[in-house]
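Q: Take this structure, written in structure tokens, and hold onto it; I'll ask about it next.
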Amino acid sequence: MKTIFILTSGGDAPGMNAAVRAVAKVAAAAGVRTVGVLDGYDGLMDGRWKELTQPSDSGLAVIPDLDTAGSLGGTLIGSARSARFRTVEGRREAIARLKDAAGLIVVGGDGSLTGAHLLSTECELPIIGIPASIDNDIGCTATAIGVDTALNTIVESCDRICDTAISHRRAFVVEVMGRHSGYLAMASAIAAGADAVLFREQAGSEDDIVATVSKAIRSAFDSEVGKRRVLILKAEGVDIPCTRLVRRVEETLGPVLPGVEIRATVLGHLVRGGRPSFQDRMVAARLGRAAVVALLRGERDQMVGWQKSHPSGLPTEDPSVYRHPLGQVLAETKALLDGTSPVTKWRVQMMSEMSGVPDAQMKRIASLYQKPVHFERRVNHTKWCVLRWPTPSRISTTWEKPSFCASSVTCSTRACSSDSSCMGLPNEKGPAGLFQVALRERGQLLAQLPFIARQGQ
């Protein structure tokens, strides 16, 4: 019986278990045995592994532990970074353990795929890589296993941090993972509505970083702007530690913003853990299937990537999955990390364009609208009179939409009784102040009627 070996290597990523499960299921359906190598390349050299399939009445089936582990984070078969495997002698030990294998699947990031490529050049064994890295720093793939879950974790954490920041009028510097790539910081900064983001791909000294953060906090807390929280995302690849950055910013802003508190939060390995999202489970399953199909067809020294098209890609039966030579993957990964890749340049340009409205523009908006219109006039002097019209007696009669000049203010008042409910939806054809009201009687929708809000003194 043919046997496929699979290992997970390097940093763990949510969705690795889903990939292993998919490989075992697809292989079992083809009558192929699957063996999980324990603890990455170390386990491969030592000959430590775990059967992932077992005989059943219908042929082969995955073991119960794996069947349930697909929804869990981490990796059931363990992972490690191996210094011994980097030596020629270590790789020879690994090759000797694989002499009876039909192929090897490696799930991991840049270092893991580099090891897979070295094995492929030193033996004739078919080897296929599956990208798994929360940093999204692997070439020839739009995403890697674990990226979506990590981003969801970061954004949720930032939302919670902002809740307390608003309550106390504080600024937070949140550090996320991304030693060599700032993708997590950049993507989560956009999604969480951060005021600034710091990532390794940016050039600048420690003094420049302190000045950037100080400017962002000072601009946001300007009395004319009136913000109550500041959120700044920082990738761990930025050299200055989070605590030192906060301390230096406090020293800079202390004389000009007395009483404003700045806090540092390092999410760290919190980002790695947790149950994988739907996206990561789906990507892992489809990449796992494509990897098994490639092995059984005799393909070698390749990676299956999640990308609909790529110059170096070879199509598969899945329209979203392409196969790429591992050598090309590693070359593109290097370019991605050293800043020469078009993808990296585009990311930096995008963040520059989305860096926010210039300070002068923000102050102009605040002086012309926010302070005089909102804080002074609208909040302090506006009174609301909500009129129920037409009256219930006119519901059954023919009526026409009234002609009036509504004010430009927004009515947020709900005026509901037992036979009416304000839907709170602004009329799309006119200024705020006209609302659609659904009048209900005995559970039946009688009419869609206008709701008039007038400004009074």
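Q: For residue 170, list long-range residues whose amide hydrogen, built 1.01 Å from N in the peptide plane, is under 5 Å from its own amide hydrogen.
A: 230
Q: Another one. Report the full-extension gain for the segment residue 51 to residue 96: residue separation times 0.36 nm, less the Cα-Cα distance, to one decimal in nm. It would help to have the intermediate numbers written out before the result.
A: On the way: separation 45, 0.36 × 45 = 16.20 nm, distance 1.89 nm.
Extra length available between residue 51 and residue 96 comes to 14.3 nm.
Q: A follow-up question, please. Multiply the residue gap between residue 222 and residue 80 by 0.36 nm, knock off their C-alpha separation, and tell me the result in nm, one decimal place. List each step's numbers first, then the result.
A: Working: separation 142, 0.36 × 142 = 51.12 nm, distance 4.86 nm.
Contour length minus the Cα-Cα distance gives 46.3 nm.
Q: In whole Hz and in residue order, list the ³J(HN,Hα) couplings for segment 68-73 that follow from phi through the Karplus curve 6.51 cos²θ - 1.76 cosθ + 1.60, θ = phi - 60°; x for Gly and Pro.
A: Calculated HN-Hα couplings, in order: 8, 6, x, 8, 9, x Hz.
Q: Where Lys and Arg each count +1 and Asp and Glu each count -1, what net charge lies around residue 13 among other residues with Cβ under 13 Å from its Cβ? Spell out each step's value before the answer.
A: Values: positive: 272, 275, 281; negative: 12, 110, 135, 137, 148, 280.
Overall, the nearby charge balance is -3.
Q: Next question, about the same structure. Just to confirm my numbers, what's the Cα centroid distance between segment 262-310 and segment 61-90 in Å?
A: 14 Å
Q: Now, a different point. Using only the C-alpha atoms of segment 287-347, find the volume of their convex hull and express it per residue in Å³.
A: Details: hull volume 5.0 nm³, N = 61.
So the per-residue hull volume is 83 Å³.
Q: Sticking with this structure for a sec: Between residue 88 and residue 317, what length in nm is gained on full extension when 0.36 nm per residue of separation is reduced by their alpha carbon distance? Provide the component values of the computation, followed by the final result.
A: Working: separation 229, 0.36 × 229 = 82.44 nm, distance 3.62 nm.
Between residue 88 and residue 317, full extension yields 78.8 nm more.
Q: From the backbone phi of segment 12-29, what are the Karplus-calculated ³J(HN,Hα) couplings (6.51 cos²θ - 1.76 cosθ + 1.60, θ = phi - 60°) in whole Hz, Gly and Pro given as x?
A: Once θ is set to phi - 60°, the couplings for segment 12-29 become 5, 8, x, x, 4, 4, 5, 5, 4, 4, 4, 4, 5, 5, 5, 5, 4, 4 Hz.
Q: Another one. Which pairs, out of 2/334; 25/334; 25/50, put more than 26 Å between their alpha-carbon atoms? If you can, show how the numbers build up before the last one.
A: Details: 2/334 35 Å; 25/334 33 Å; 25/50 15 Å.
From 2/334; 25/334; 25/50, over 26 Å: 2/334; 25/334.
Q: Under the rule of at least 5 residues apart or a separate chain, name every residue whose amide H is placed under 5 Å from the amide H of residue 13.
A: 74
Q: Quick one: which residues, 5 or more positions from residue 38 or on another chain, have an amide H under 5 Å from its amide H? H modelled 1.01 Å from N in the peptide plane, none for Pro or chain starts.
A: HN-HN under 5 Å from residue 38: 48, 49, 50.
Q: Using the Karplus curve 6.51 cos²θ - 1.76 cosθ + 1.60 with θ = phi - 60°, what ³J(HN,Hα) values do you get for each residue of segment 274-286, in whole Hz, with x for Gly and Pro?
A: x, 5, x, 6, 4, 4, 5, 5, 5, 4, 4, 5, 6
FYI, it's all coordinate maths here, none of it is from the lab. Just so it is clear, the model here is predicted, and its values are computed rather than measured. Reconstructed Cβ throughout: ideal geometry from the backbone, glycine too, with neighbour counts over all protein chains shown.
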